[in-house]
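Comments concern the structure below.
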Amino acid sequence: QPWRSPGEPKAPFSLLAPRWPVECEVIQETIEHIEWVPPKPEPFCPLMGPEQALYTLDEEQGTVVYHSSPALQASCFTRARVGGALEPLSSPAAPLEGPQDTTLLFESRFESGNLQKAIKVGPYEYVLMLRPDLYTAKHTQWFYFRVQNTRQEPLYRFTIANMAKPKSLYGQGLRPLLYSQQDAQSRGIGWRRVGTDIRYYRGGAGEQPLFRLSWSVRFPHDGDTCFFAACYPYTYSDLQRYLCALVADPARSRCCTVQALCRSLAGNTIHLLTITSPGGAAGKRVVVASARVHPGESGGSWAMRGFLDFLLSSHEDAQLLRRLFVFKVVPMLNPDGVVVGNSRCSLAGRDPNRAYGKALPGSFPGVWHLRAMVQRVLAEQEVVLYCDFHGHSRKNNVFMYGCDAGRDSTGTRLRQRVFPLMLSKNAPDKFSFSSCKYQVQKSKEGTGRVSMWRLGVSHSYTLEVAFSGSTLGGRSSHFSVEDLKSLGRLLCDTLLDFCDPAPAKLQQCLVEVDALLQRQMDRELCSGGSWSNVCPSELESSTSGSDSSVSDG
């Protein structure tokens with residue numbers, strides 16, 4: 001039920017503490033970070049050559065200074081509670097021997113944290129192991145952890161030794177993120193890109209080889225508390241704080257209801273927002289948006305945040321959008337994965353974005369209830385667009401994956417490409433139309449994008465936001481939080497262009513897409529025929545470069 005319906009008095013929206021699997025230890029501290037935009041774009045790191053794997057992970061060659069969750073041996077999820085484990089907290093960090101001990105103190109037993117082990121292999125050098133997604137032995141990509149007892153002068157070297165993917169944007173200039181508590185409190189500086197001599201390389205042979213990410217860094221202060229992260233964290237508690245402020249705002253809450261779509265396996269609420277102008281939804285078309293089905297893709301949450309900020313603002317275009325459409329928004333489809341610091345999976349130990357076609361409500365409640373909601377809406381209204389917000393670890397810029405099975409009419413296949421083309425015109429320094437793909441592969445049938453398209457949503461897309469930044473419009477720099485939030489506003493602008501009753505913009509883009517496809521076919525197939533007679537798989541590579549592509553097997 002909605003916490004508030006139009007015309008009813010406001011019910012309090014309570015900030016519920018996240019529920020954790022009972023195997024997880026959780027520290028009691030509240031972790032929050034300030035938002036900050038750097039005064040100028042942060043450039044990519046200069047590319048470095050390959051690095052040799054210098055260390056085996058034999059603990060005898062170093063000292064284990066942090067080991068979290070050694071007892072996490074459960075094969076599947078059983079139950080959850082607020083605060084996680086019932087037992088008193090263990091002490092995973094090695095105690096300091098005195099004030100002259102320069103060993104870093106590591107911690108990650110907080111929302112979205114996932115460091116499992118730290119081994120000190122030199123005075124200022126550490127080998128780190130990430131915790132795989134819970135109830136799996138894989139999916140190590142996202143990282144987020146805290147260090148204390150820092151020293152300003154030394155050059156530290158960190159190596160994450162069990163990254164899962166053979167390719168990464170860290171090999172193309174991506175830098176890790178650092179947050180200094182002292183700088184946040186005294187100078188108002190938040191997350192920033194850091195690191196020199198950044199290398200991403202194969203760590204050793206084996207049936208399933210692991211890969212290593214190494215970087216060097218100097219800390220800004222002595223005795224600081226700092227955090228490292230793969231991308232700007234956006235936790236389940238961050239979302240709840242945002243929704244609390246939204247519901248408490250008289251202006252924004254007039255056009256937005258917040259309700260529970262369902263509960264996750266752990267019992268965390270999966271929220272559904274309905275946004276439209278007061279006066280009802282009769283005769284309006286529907287737009288559906290979702291984010292964070294993959295918990296390690298936090299950039300998708302920041303883009304979703306910008307989408308909601310603009311849509312609920314007083315801007316005249318936002319008011320027009322609310323008059324024209326009903327927006328159904330699920331801002332965090334996989335809160336359990338976000339809470340425990342997974343990269344990809346839910347507590348079912350599987351990728352929810354492969355489960356839309358066969359999901360059971362008891363195993364994948366978020367995607368099952370989202371799909372069921374869209375089915376109910378389609379019985380009465382047209383769903384003009386579905387957009388699922390993701391992050392991407394191997395390609396720069398922002399781009400989309402759509403649906404073109406090759407058997408549709410030429411006009412339909414052209415229209416599939418119009419929305420991404422319009423978005424590229426509205427965001428020329430961020431969005432790459434040439435990186436967009438439209439294949440519908442068998443391995444993708446369980447994704448949200450393909451599932452919604454099969455239901456009858458003619459324009460169904462995955463929005464992929466690079467973990468790194470943009471190489472477009474003269475840029476070669478990382479995305480800031482503001483860049484990510486701006487994507488939500490630009491998506492709204494593009495929706496108005498796409499649905500403009502005056503046909504000029506649409507016709508211009510149809511002609512442009514037709515010409516682009518014909519040029520692509522002439523270049524790649526050396527053919528003088530029409531692109532409309534060609535299967536899309538002949539015109540483009542697969543979407544297997546997507547972070548949404550790797551199956552659970």
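The values are calculated or read from the model by the stated rules, or taken from the named source; none is laboratory data. Computed from a predicted model, the values in this text were never measured in an experiment. Here the Cβ positions follow ideal geometry from the backbone for every residue, glycine too, while neighbour counts run over all protein chains shown. Protein only, heavy atoms only, side chains kept; ligands, DNA and RNA dropped before computing areas. Shrake-Rupley method; radii C 1.70, N 1.55, O 1.52, S 1.80 Å.
The residues listed here are R146, R157; of these, the one that is outside the structural domain of L347 (by the TED database), charged (D, E, K, R) and open to solvent by 20 Å² or more (accessible area, probe 1.4 Å) is R157. Any residue at all in segment 191-211 that is assigned to a loop (DSSP other than H, G, I, E, B), within 19 Å of E107 (Cα to Cα) and under 25 Å from the mean Cα position of the chain (by Cα)? Scanning segment 191-211, I find at least one residue that is assigned to a loop (DSSP other than H, G, I, E, B), within 19 Å of E107 (Cα to Cα) and under 25 Å from the mean Cα position of the chain (by Cα), so the answer is yes. So which of C262, C244 ends up being within 30 Å of R79 (Cβ to Cβ), assigned by the TED database to the domain that holds G456 and open to solvent by 20 Å² or more (accessible area, probe 1.4 Å)? It is C244.
Residues in segment 153-165: is at least one within 19 Å of E23 (Cβ to Cβ), in contact (Cβ under 8 Å) with a residue 24 or more places away in the chain and part of a strand (DSSP E or B)?
So in segment 153-165, the residues within 19 Å of E23 (Cβ to Cβ) come out as none.
No, the conditions are met nowhere in segment 153-165.
For segment 275-310, the tally of residues that are within 8 Å of the chain's Cα centre (by Cα) and surrounded by fewer than 24 Cβ atoms within 10 Å (Cβ to Cβ) stands at 0. For segment 93-150, filtered to residues that are within 20 Å of A230 (Cβ to Cβ), charged (D, E, K, R) and part of a loop (DSSP other than H, G, I, E, B), the residue that is modelled with the lowest pLDDT is K138. The set of residues in segment 488-514 being without any contact (Cβ under 8 Å) to a residue 40 or more places away in the chain and surrounded by 12 or more Cβ atoms within 10 Å (Cβ to Cβ) consists of D500, Q508.
Please return the ranges of helices (runs of 4 or more DSSP H) entirely within segment 480-553 where 1 or more residues are modelled with pLDDT of 90 or more and of a type outside the set (G, A, S).
Because the criterion is at least 1 residues that are modelled with pLDDT of 90 or more and of a type outside the set (G, A, S), the helices (runs of 4 or more DSSP H) in segment 480-553 that meet it are 481-498, 504-525.
Only residues that are over 18 Å from H459 (Cα atoms) and in contact with a Leu (Cβ under 8 Å, 6 or more places away or on another chain): list them for segment 364-378, please. Correct list: P365, G366, V367, W368, H369. Being of a type in the set (A, V, I, L, M), in contact with a His (Cβ under 9 Å, 6 or more places away or on another chain), within 27 Å of V65 (Cβ to Cβ) and open to solvent by less than 30 Å² (accessible area, probe 1.4 Å) is a property that L239 lacks.
Condition check for W191 on (1) assigned by the TED database to the domain that holds L178; (2) touching a helix residue (DSSP H, G or I) at 6+ places or on another chain (Cβ under 7 Å); (3) among the hydrophobic types (A, V, I, L, M, F, W, C): one failure, at (2). Counting just the residues of segment 176-229 that are of a type in the set (K, R) and in contact (Cβ under 8 Å) with a residue 12 or more places away in the chain, which one comes out farthest from R394 (Cα to Cα)? In this case the residue turns out to be R218.
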